[in-house]
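Laboratory data are not the source of any read-out in this text; all were calculated from the coordinates shown. It should be emphasised that the depicted structure is a prediction, and the values quoted were computed from it without experimental measurement. Cβ: placed from backbone, ideal geometry, glycine included. Neighbour counts: every protein chain shown.
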Amino acid sequence: MIAGLCVILICQLAGEAIVRGLGVPVPGPVLGLLFMLLLLLLRDRFPSLAFGPLKDDAIVGVARGLLANLSLLFIPAGVGIIQLINVLLEHGWAIVFALAVSVIATLFITAGTFLIVSKLMKRRDAGGAS
Amino acid sequence: MTQPPFSLWVYLSQTPLLWLTITLLVYAAADAVSRATHRHPLANPVLHSIWILAAFLWLTGTRYETYFSGAQFVHFLLGPATVALAIPLYENRKAVMSAIFPMLAALVVGSVSAIGSVVLLAEALGLPRNVVLSLAPKSVTAGVAMGISESLSASPALTAVATVLTGIMGAIVVTPMMNRLGITDFRARGFAAGLASHGIGTARAFQVDEVAGVFAGIAMSLNALVTSLLVPLAVTLLLR
């Protein structure tokens, strides 16, 4: 478990270091996510990399544990809302309205785009076969 | 008579232990209620934990900084949890590759509309610039959204609450909306749910359909990447 956590922390550390060092406008952990993915894909490509936590399922176990309790991790920051009570009293309804309209529009546009491109691909594949 | 318990409180209320324990306790209780109601979107444990804890701090006159000295141990894990999102992406790489073009198109178009719609709408409603910036990344998972918010010098706390609200609204609306529109492709339905309302939408998608859940999880991970690239760009283009 500790070895698995180490791999995750090293990926995050590398991400943070690059973000700070090069001034990339991306959160460090997001870059860490990419490194983690690359590391797992490289391991499948080069069997010599498959040792320690990269060989067994140590990383998967830690990742599952973290993601299963993802909701808990938002709470400390969310409680920070008590420092913004004036903003909420003044703009609360406008914020909720903007979020509601945006989420409905996003759901509609995303599902629509997926379906349209999926149909176009199918038609192209069928056209190519005939 | 009341002196000893009061001084005990004064001591304990300054220790990280008390606030860490209370955070976990409130969340465990809220999560139990959520499970008892079969994960009903309105019983969202994050939403209820936040207002209960905020009310408790207000009633006891505790400063947020004091609370955070204990809660920071939980907060720290957001970074590693974001890195851990690579695991579901890796495990579902075959599903990703089999629908790569519809997904990439939906990812880019969806991400742009998630950011663009809320920024333009919030501007039109005359919200202050700091609030508009805090709302911009609301469709991605809260850890990433707060990171983006921080790098824009907006308010991560407001972003966290906006993100949770977005997740809950998306989770409530997605199933009736897709049924009304007659969309039966669960890949598209799940992908939209995960993209628009991150982890909360993904949890909802898993309750409705396994395929929808997998695609929602993929959309959540991918959108974390795309949104963190797009928000700084969108902000410079849309706001000046």
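Brief remarks on what is shown
- The alpha carbons of the range A:77-130 occupy a box of 65, 22, 8 Å along the principal axes, longest dimension given first.
- With helices as the sole contributors, chain B gives -27500 deg cm²/dmol at 222 nm; each DSSP H run of n ≥ 4 counts as -39500 (n - 2.57), and the sum is divided by every residue.
- From helices alone, chain A scores -27000 deg cm²/dmol at 222 nm; the rule is -39500 (n - 2.57) for each run of n ≥ 4 DSSP H residues, then divide by the residue total.
- Relative intensity, log₁₀ I(q)/I(0), of the range A:1-112 from a Debye sum that treats every alpha carbon as a point, q = 0.10, 0.11, 0.18 Å⁻¹: -0.52, -0.61, -1.05
- Fraction in percent of alpha-carbon pairs per bin - 5 Å, the range A:18-74: 4, 16, 18, 21, 17, 16, 8, 1
- Cβ-Cβ distance of A:W93 and B:Q207, R₀ of 45 Å, FRET efficiency by 1/(1 + (r/R0)^6): the value works out to about 0.95.
- Cβ crowding within 10 Å, taken as a proxy for footprinting-reagent exposure, orders A:C6, A:C11 from fewest neighbours to most as A:C6, A:C11.
- Cβ-based exposure ranking for A:H91, B:H38, in which fewest neighbours within 10 Å come first: B:H38, A:H91
- Between amide H atoms placed 1.01 Å from N, distances below 5 Å from A:N69 occur with no residue 5 or more places distant or on a separate chain.
- Residue ranges A:112-118, B:229-235, B:10-16 sort as A:112-118, B:229-235, B:10-16 when ordered by packing (mean number of other C-beta atoms within 10 Å per residue, highest first).
- Relative frequency of Cα-Cα separations exceeding 32 Å in chain B, percent: 26 percent
- Given +1 at the Cβ of Lys and Arg, -1 at the Cβ of Asp and Glu and no other charges, the dipole of the range A:1-73 around its Cα centre is 80 debye to the nearest 20.
- Cross-link partners of A:K122 among lysines, defined as those whose alpha carbon lies under 19 angstrom from its own and excluding same-chain residues fewer than eight positions apart: B:K94.
- ³J(HN,Hα) computed for each position of the range B:53-61 - Karplus, 6.51 cos²θ - 1.76 cosθ + 1.60, integer Hz, glycine/proline x: 5, 4, 5, 5, 5, 5, 5, 8, x
- Taking a point 7 Å out from the Cα of B:N130 in the direction of its Cβ, the residues of the range A:60-85 whose backbone N falls within less than 15 Å of it are A:80-85.
- When the convex hull of its Cα atoms is viewed from all sides, the protein assembly as shown shows a mean projected area of 21.8 nm².
- Considering only A:A111, B:L152, A:G4, and ranking their Cα positions along the charge dipole of the protein assembly as shown that arises from unit charges at the beta-carbon of Lys, Arg, Asp and Glu, the one farthest toward the positive end is A:A111.
- Contact order normalised by residue count of chain A, Cα under 8 Å, 6+ apart, percent: 21 percent
- 3J(HN,Hα) along the range B:64-76, derived from phi through the Karplus expression 6.51 cos²θ - 1.76 cosθ + 1.60 where θ = phi - 60°, amounts to 4, 4, 5, 4, 5, 4, x, 6, 4, 5, 6, 4, 4 Hz, with x in place of Gly and Pro.
- Full-extension gain in nm, A:L54 to A:N69, via 0.36 nm per residue minus C-alpha separation: 3.1 nm
- Loop-located trypsin sites (Lys or Arg not before Pro) in the range B:1-105, at most 16 other Cβ atoms within 10 Å (DSSP): B:R63
- Pairs of Cα atoms nearer than 8 Å and 6+ residues apart set the relative contact order; for chain B it is 18 percent.
- What you get for chain B, charging only the Cβ of Lys and Arg (+1) and of Asp and Glu (-1), is a dipole of about 260 debye around the Cα centre.
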